[in-house]
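Comments concern the structure below.
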2 protein chains.
Amino acid sequence: MLRIMKVAIAQLNYTVGDFRENRDKIISAITKAKNSGASLIVFAEHSVSGTPAYGLLNKVQFLYSCEEALEQIATAASGITALVGVPVQRNNRTVSAAALLSDGKIQKYITKYHVSSPDEYGFIHKGDGAKVIEVDNTRIMIAVGDDIADIDEYADGVDLVVNMVAQPYARGIIERRWEERGRTAYKLGVPVVTLNQVGGNTDVVFDGSSSVFDAHGYAIALLPSFEEAFHIVNLDVHNETLAIPYQNKTANVYRAIKLGLGDFFRKNGYEKACLGLSGGIDSAVVAAVAAEVLGADNLRVLLLPSLYSSDHSIEDARMMANTLGIEYDIVPITDSYNQMLSDLTGVFGDKTEFGVTEENIQSRLRMVYLMALSNKMGHLLLNTSNKSELAVGYGTLYGDNTGVLSIIGDLYKNEVFDLARYINRDSEIIPNAIIGKEPSAELHPNQLDTDGLPPYDEVDAILYRMIEEGQSREEIINAGFDAQTVQKIYAMILRNEQKRYQFCPVLRVSTCTFGIERVMPITSKYGF
Amino acid sequence: MLRIMKVAIAQLNYTVGDFRENRDKIISAITKAKNSGASLIVFAEHSVSGTPAYGLLNKVQFLYSCEEALEQIATAASGITALVGVPVQRNNRTVSAAALLSDGKIQKYITKYHVSSPDEYGFIHKGDGAKVIEVDNTRIMIAVGDDIADIDEYADGVDLVVNMVAQPYARGIIERRWEERGRTAYKLGVPVVTLNQVGGNTDVVFDGSSSVFDAHGYAIALLPSFEEAFHIVNLDVHNETLAIPYQNKTANVYRAIKLGLGDFFRKNGYEKACLGLSGGIDSAVVAAVAAEVLGADNLRVLLLPSLYSSDHSIEDARMMANTLGIEYDIVPITDSYNQMLSDLTGVFGDKTEFGVTEENIQSRLRMVYLMALSNKMGHLLLNTSNKSELAVGYGTLYGDNTGVLSIIGDLYKNEVFDLARYINRDSEIIPNAIIGKEPSAELHPNQLDTDGLPPYDEVDAILYRMIEEGQSREEIINAGFDAQTVQKIYAMILRNEQKRYQFCPVLRVSTCTFGIERVMPITSKYGF
């Protein structure tokens, strides 16, 4: 029988290892819920610890701090039942648990069976799986993470399902998660409450989007995405049902990377950032996002023209900096470039022809200037690479492939253009000239990114099939793409694992981020 | 009843994804075993595919190629039974299997239950575990990988145990593995045959050291470490028992990194390497190892003195290059350093005091010269960082923290000294002056590495306890180490995860290599 009527859902932003702040947030939500007359309050998975914590989950001291914080939280849980996500040890191994708190005490742990995230492999171990507990004569099925997928097997007589998760944002995941939860509620004929974390930790961005679906499978509460929220749902009354709102993919990606960048800086105690502004689309988008998130005052950019930089690029970059009100310096790299080449005369011998070496020197010298600014002034360098470049190996290792964080490294080139247009939806923040021109690294005269490859539209379409959809070369060729291009791109992807290995953390907005969901060996003959 | 008497053990060096070469090696070992009258031949885990293959294990085409190669191998297995390691799909998930081949066909798969390596998490899934099969009236228990640990439970009536593994080298592992296998054989009262891979793939080095222990727990075959081997043991006769030979840790580490470096180059089709020779111990050791493995002719070094380089360092480096017969160039970086500082005048404003920024510029400029040599001449840059530096964050991101492979990045500073002395065991390859002097990065006047920290001996002792032994700060302080130093080092380790995240692959010689067994979040408040 459904006796618990008023359920509070607290969608909060936690920081890994910040036990005091996490604890205080949880306690103040419990107090608020009690004051509102709720009899149950639910938090997300890993609330006490923050996540991903990786190797910290093996540290006894870390787990002890979790327990200590949880005990303090429990003292606040009187006159209300609280479900809080926390890692605990079972048989000397760390598992992910929902702790049931009531009467000021920790009453019980329900532990997660399905360990399905690359961030947990080797750190979180299999627990027992979903369980039914009885609270105030209400039978609640509690499932942590993907254990929700198992529950139809033994949901007989259950009055309510609670699913606590810590599920990162990825394109399309919000709609999909809501749809699945609605289907589960409909199938079981009981309300389903889902609680997700919100906020960024390292390269992960949790989107929130917590939900309550009624026994008919209709949404009766859909919490906002990418921000904290607190909501109380009364399961006793007739609730207005909500339509699943249309999700704008580009808008969601934009909010995800803003949240990820902001939290990376705030949680690590950083304030100021820098980057090289080339006049191209990638650095323009990164600058626009960073200016919005960190404030134009906290951003500094360098324009680092070489012999091969076009006048329009410098002009576009300068216009962009002026529009945003960012402090900028123009530092031509020509003298140091020439000095370096002259120093290398004896090393190169007669190999004096301009080539990839000379291109890379330009890119790497720019990094040295930017890192000097970073070291001297405390502005952290933001990376400006996109996923298409990372896939095929454009970009220079230790050159433009550097930075403390990549905010567009999980976006294909065309998605970067989408983002630019979205940023400009109300006013021309990124000069239209930057969006309109053909991409070029400008490392040699009249260079275009697409030299030797088809236009980005086609490259992106092939990359998307290979990487996001895991299609084989044969499938892609059969779909009508040029066989030679497909083979060439395939080989380029495999060959450039080496560069990606040394890349910085990438804010994840897909389910197939390089280095996380997609890891390949460097030594391998496969595919050649 | 033990009817199978002659067992061949083929300890081979496989390349990831090189199905043709792996297959041919396996087939020729089968032929050799047949010619020697063996009735059973055993290969290591993952023989057909090579390992680690990571995401390739999810590719249908990769698994199909494994199966195809295995079928070809099976045709050679007539008149003999072969046990071959291969990944296969079970319920749409990849598992690690021992394939039983006889009568020219694949007869059966025994699949691994314990997935215990970070290289397998998420790629290899749980199989069924060890099983007994009957071959020629002999009951053979087959255990893949760590499933050997489970077998006493159900080993009744077994005549022989076969354990195929792919276990990387780590300090002390050879003796430990032999001891464990001897104990298992003694406990069960049956012979135990253990087959390991040998050779390097990416950052992993398999040490071989395959073994046969008799029913009394005595060694009757101990195959060599770090090289291929083929051996036939006749279980029917009285075999001479072997003492477990003493293992020299430094000699083993030396052989491990030689094998790892050599295979990284050979298997990836590389020939030539380069590095910066500073006159310090780290680059001296890397140069000595590389010259031995790749040949002095394939090595080029740059001496890149700055204003702060001491005369003796340049002299020591030059002497070292001359002794090894390596081509070297001296390229002073002073002019480009001065040019860069002058270019940055407007950016730095009044912050002109010499500091960490100016130190890093030197280190990063050196990288630009070295990578220019690398790009122009095709010499791959070898990294020269050690584990102590990586732990506390000495070393410059995008400066000396660069390269295609780190060969001493899993060795503490004191182990690098051990290695230098070992390399010099017969003649002075590394000038004694380099071994004798105090470590210094020489990035500012009179700098010593130990500025601000106790001597490396003490730092290494603390690091070893923290990293390899997982001791807490309290334990280390209670053991008598200075509390302030311990806290300082602890904070330095946590703070420098960011640098390690972007580090190159490190040849692993411990069970706690950064980035593999030791992964920490970048965003975290823990420990501060």
Quiz item: Which of the helices (runs of 4 or more DSSP H) contained wholly in the range B:268-348 include at least 1 residues that are free of Cβ contacts under 8 Å to residues at least 12 places away in the same chain?
Solution: B:311-324, B:334-343, B:345-348
Practice problem: Report yes if B:Asn401 is touching a residue at least 12 places away in the same chain (Cβ under 8 Å) and either more than 10 Å from every other protein chain (Cβ to nearest Cβ) or within 28 Å of the chain's Cα centre (by Cα) (or both), otherwise no. | Solution: yes
Quiz item: Considering only residues of the range A:377-391 that are of a type outside the set (D, E, K, R) and part of a helix (DSSP H, G or I), which is nearest to A:Tyr412 (Cα to Cα)?
Solution: A:Ser388
Quiz item: Does any residue in the range A:373-388 that is within 10 Å of another protein chain (Cβ to nearest Cβ) come within less than 9 Å, Cβ to Cβ, of a residue that is of a type in the set (Phe, Trp, Tyr) six or more places away or on a different chain, and which pairs are these?
Solution: A:Leu373/B:Phe348; A:Lys376/B:Phe348; A:Met377/B:Phe348; A:Leu380/A:Phe265; A:Leu380/A:Tyr270
Practice problem: Within the range B:335-355, track down each residue that is within 19 Å of A:Arg364 (Cβ to Cβ) and surrounded by 13 or more Cβ atoms within 10 Å (Cβ to Cβ). | Solution: B:Asp335, B:Ser336, B:Tyr337, B:Asn338, B:Gln339, B:Met340, B:Leu341, B:Asp343, B:Leu344, B:Val347
Quiz item: Pick from the range B:39-54 the residues that are farther than 30 Å from A:Pro118 by Cα and buried (at least 24 other Cβ atoms within 10 Å of the Cβ): which of them is farthest from the other protein chains (Cβ to nearest Cβ)?
Solution: B:Leu40
Practice problem: Within the range A:179-233, work out how many residues are touching a Lys or Arg at 6+ places or on another chain (Cβ under 8 Å), outside any loop (DSSP other than H, G, I, E, B) and crowded, with 23+ Cβ neighbours inside 10 Å. | Solution: 9
Quiz item: Could you say which residue among A:Asp159, A:Asp152 is at pLDDT below 95, under 26 Å from A:Lys34 (Cα atoms) and either over 17 Å from the mean Cα position of the chain (by Cα) or not aliphatic (A, V, I, L, M) (or both)?
Solution: A:Asp159
Quiz item: Where residues in the range B:349-367 are assigned to a helix (DSSP H, G or I) and either of a type in the set (S, T, N, Q) or within 28 Å of the chain's Cα centre (by Cα) (or both), which of them is farthest from B:Thr402 (Cα to Cα)?
Solution: B:Thr357
Quiz prompt | Subset of the range A:471-522 [buried (at least 18 other Cβ atoms within 10 Å of the Cβ), farther than 26 Å from A:Asp119 by Cα and touching a residue at least 40 places away in the same chain (Cβ under 8 Å)] | solution = A:Ile489
Quiz prompt | Residues satisfying the stated conditions in the range B:501-511, i.e. within 10 Å of chain A (Cβ to nearest Cβ) and assigned to a loop (DSSP other than H, G, I, E, B) | solution = B:Gln502, B:Phe503, B:Cys504, B:Pro505
Exercise. Considering every residue within the range B:312-334, establish whether at least one is within 30 Å of A:Arg300 (Cβ to Cβ), open to solvent by 10 Å² or more (accessible area, probe 1.4 Å) and either within 13 Å of another protein chain (Cβ to nearest Cβ) or of a type in the set (D, E, K, R) (or both).
Key: yes
Quiz item: List pairs: first in the range A:83-95 and closer than 18 Å to A:Lys105 by Cα, second outside any strand (DSSP E or B) and polar (S, T, N, Q), Cβ under 6 Å, 6+ apart or cross-chain?
Solution: A:Val84/A:Ser47; A:Gly85/A:Ser47; A:Pro87/A:Ser49
Quiz item: Picking from B:Thr75, B:Thr81, which residue would you name as being farther than 30 Å from A:Tyr490 by Cα, open to solvent by 20 Å² or more (accessible area, probe 1.4 Å) and at pLDDT 95 or above?
Solution: B:Thr75
Quiz item: Does B:Glu428 meet the test of being away from chain A (no Cβ under 14 Å) and touching a Ser or Thr at 6+ places or on another chain (Cβ under 8 Å)?
Solution: yes
Exercise. Would you confirm whether any residue within the range B:247-269 is within 19 Å of B:Met371 (Cβ to Cβ) and open to solvent by 10 Å² or more (accessible area, probe 1.4 Å)?
Key: yes
Quiz item: What tally of residues in the range A:335-357 results from selecting those that are of a type outside the set (Gly, Ala, Ser) and at the interface with chain B (Cβ under 7 Å from one of its Cβ atoms)?
Solution: 10
Self-check item: Among the candidates A:Gln61, A:Gln107, residue that is away from chain B (no Cβ under 14 Å) and not β-branched (Val, Ile, Thr)
Solution: A:Gln107
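The values are calculated or read from the model by the stated rules, or taken from the named source; none is laboratory data. Being a predicted model, the structure only gives us computed values, none of them experimental. Cβ sites come from the backbone with ideal geometry, for glycine too, and all protein chains shown count toward neighbours. What goes into the accessible areas is simple: the full protein's heavy atoms, side chains included, and nothing from ligands, DNA or RNA. Shrake-Rupley method; radii C 1.70, N 1.55, O 1.52, S 1.80 Å.
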